[in-house]
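*Asks:* What follows is a single structure, and I will ask about it in a moment.
The values are calculated or read from the model by the stated rules, or taken from the named source; none is laboratory data. Being a predicted model, the structure only gives us computed values, none of them experimental. Neighbour counts run over all protein chains shown; Cβ positions are idealised from the backbone, glycine included. When the accessible area is computed, the model is the full protein with side chains, heavy atoms only, and any ligands, DNA or RNA have been set aside. Shrake-Rupley method; radii C 1.70, N 1.55, O 1.52, S 1.80 Å.
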Amino acid sequence: MLSLGFSAGLPLLLVLGTLSFRLREAGIDRSTIGYLSWVGLAYGFKWVWAPLVDRMPLPWLTASLGRRRSWLLLSQGVIMGGLMGMAWCDPSQTLGPIVWFALAVAVASATQDIALDAFRIESAHADQQAALAASYQTGYRLAMIWAGAGVLWVAAWVQGPQVAGYQHAAWKAAYMVMALSMLTGMLTVLLSPEPVHAPLPPARNVREWLRGALIEPFVDFVRRYGWHAVLMLLMIATYRISDVVMGIMANPFYVDMGFTKEEVATVTKVYGVIMTLAGAFVGGVLSMRFGVMRILMLGAVLSAASNVLFAWLSGVGHDVTALVLVVSADNLASGIASAAFIAYLSSLTNVTYSATQYALLSSMMLLLPKFIAGFSGDYVNAHGYADFFTATAWLGVPVLLLVALVGRVARKGAEKGIQPLNAPASTQAD
């Protein structure tokens, strides 16, 4: 999970956060950067093709590697090729090619997430999912250090201290290094055992296969949770809205505040990610000790409140010490929220449809926030960074009410002896 989490975390920043830094440095307008963040909507629609990843075999690969590992290896190969394409494209000349390659990386990365989530859920019992989620998050965040700080360091080293501003050759070298880093995940897939799958009844015809692959996973979720499924999906769809909407403008903010690539790499991508790792560890431990719902509430409060610190930083200006404090607090909150949220989503899935159901739930987490984030550049241009960061904090307030309502429903269900299918019974009362 540590190595595969690294493979999963590597592409995300390279098509969103780090790419926004690169585009802003190349002189691309904030509004355009905001709209280009819609490339990340691929993660929000991955449930559309998740049933295929869940059930459809790949020629030659599935026979030798198994259902999960074959899809993992295919998606990782596409990610590597797409990152190489992004390395060669110069956004200061034309945006079209780099956008298409970024979209290919995003779709392949979302596909990798589908197969990897199923791989994780099927590899251990539900009461071990919090520990696996913490390990996965650790690898994921290490990759974000490399894809965030590493790419900036490589670009700064190739560019040299004598040259200021955007230089295509420096970013080309940095993205090629990132592409080769995907070999870590590919090697791990080849050396890992295929998990034991839940048996699938053979389909008698195409219609029956489509029903089992496309319809039953969603029907099963609604059947198990009834009208409470709507409340759960609303909470899931908005839980990370403060972080996601704010995050699109974070790197353009650093560029406009005058922070250099080295400063951003050191502070936001090292100190920040280390604090996220600490938060993920704390969140995993606290979730197992006090119950997932309580830590979900804690993470929601901290995530919204930490965005106000960025509004304060916009008034302070170019101050590295202030940047360290703000980024550390924000990433600690994000780590706590992420660990609890992943454990919660994992507890809701039926192992028979693990890939499809987890893809649906994790897609719901991103769809609305990513769509709103596309307008973030327009909002900053109209109102400034301080108002923008404050507004993203207010977006988190309705989430608190939804978490409280979902927790209340869970407690009532526990009192009646109703347990989620894939959740440890000892923690559901919390």
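*Asks:* Of all residues in the stretch 52-68, count the ones that are in a helix (DSSP H, G or I) and either surrounded by 20 or more Cβ atoms within 10 Å (Cβ to Cβ) or in contact (Cβ under 8 Å) with a residue 40 or more places away in the chain (or both). Spell out how you get there, then give the answer.
*Replies:* Taking the stretch 52-68 as the starting set, the residues that turn out to be in a helix (DSSP H, G or I) are 52-55, 61-65, 67-68.
After this cut, where a residue has to be either surrounded by 20 or more Cβ atoms within 10 Å (Cβ to Cβ) or in contact (Cβ under 8 Å) with a residue 40 or more places away in the chain (or both) as well, the list is 52-55, 65, 67-68.
Result for the stretch 52-68: 7.
*Asks:* I would also like to ask the following. How about the stretch 82-165: which helices (runs of 4 or more DSSP H) wholly inside it have at least 2 residues that are closer than 29 Å to residue 69 by Cα?
*Replies:* Ranges flagged: 96-122, 129-145.
*Asks:* Among what's in the stretch 89-143 and is at pLDDT below 90 and aromatic (Phe, Trp, Tyr), pick the residue that is surrounded by the fewest Cβ atoms within 10 Å (Cβ to Cβ).
*Replies:* 119
*Asks:* Looking at residue 120, is it touching a Ser or Thr at 6+ places or on another chain (Cβ under 9 Å) and closer than 25 Å to residue 264 by Cβ?
*Replies:* Working: touching a Ser or Thr at 6+ places or on another chain (Cβ under 9 Å): yes; closer than 25 Å to residue 264 by Cβ: no.
Taking the combined requirement at face value, the residue does not satisfy it.
*Asks:* I've got another one for you. Would you check if residue 26 is out of contact with any strand residue (DSSP E or B) (no Cβ under 6 Å at 6 or more places or on another chain), closer than 30 Å to residue 165 by Cα and surrounded by 18 or more Cβ atoms within 10 Å (Cβ to Cβ)?
*Replies:* yes
*Asks:* Now for a separate question. Select from the stretch 387-401 the residues that are open to solvent by 30 Å² or more (accessible area, probe 1.4 Å) and more than 11 Å from residue 246 (Cα to Cα) and list them in ascending order. Write out each step before concluding.
*Replies:* Residues of the stretch 387-401 that are open to solvent by 30 Å² or more (accessible area, probe 1.4 Å), as a first pass: 387, 390-391, 394-395, 397-398, 400-401.
Of everything in the stretch 387-401, those that are open to solvent by 30 Å² or more (accessible area, probe 1.4 Å) and more than 11 Å from residue 246 (Cα to Cα) turn out to be 387, 394, 397, 398, 400, 401.
*Asks:* Working only within the stretch 314-329, note down all residues that are open to solvent by less than 20 Å² (accessible area, probe 1.4 Å) and touching a residue at least 60 places away in the same chain (Cβ under 8 Å).
*Replies:* Correct list: 317, 323, 327.
*Asks:* Right, something else. Specify which of the listed residues (71, 49) is open to solvent by 10 Å² or more (accessible area, probe 1.4 Å), under 21 Å from residue 365 (Cα atoms) and not aliphatic (A, V, I, L, M).
*Replies:* Residue meeting the stated conditions: 49.
*Asks:* Only residues in the stretch 364-387 that are under 15 Å from residue 256 (Cα atoms) count as the first member; pair them with residues that are among the aromatic types (Phe, Trp, Tyr) and open to solvent by 20 Å² or more (accessible area, probe 1.4 Å), Cβ under 8 angstrom, at least 6 apart or cross-chain, and list the lot.
*Replies:* Final answer for the pair search is 377/35.
*Asks:* Does the stretch 172-192 include one or more residues that are at pLDDT below 90, open to solvent by less than 50 Å² (accessible area, probe 1.4 Å) and either touching a Cys at 6+ places or on another chain (Cβ under 9 Å) or not aromatic (Phe, Trp, Tyr) (or both)?
*Replies:* Taking every residue of the stretch 172-192 in turn, at least one turns out to be at pLDDT below 90, open to solvent by less than 50 Å² (accessible area, probe 1.4 Å) and either touching a Cys at 6+ places or on another chain (Cβ under 9 Å) or not aromatic (Phe, Trp, Tyr) (or both).
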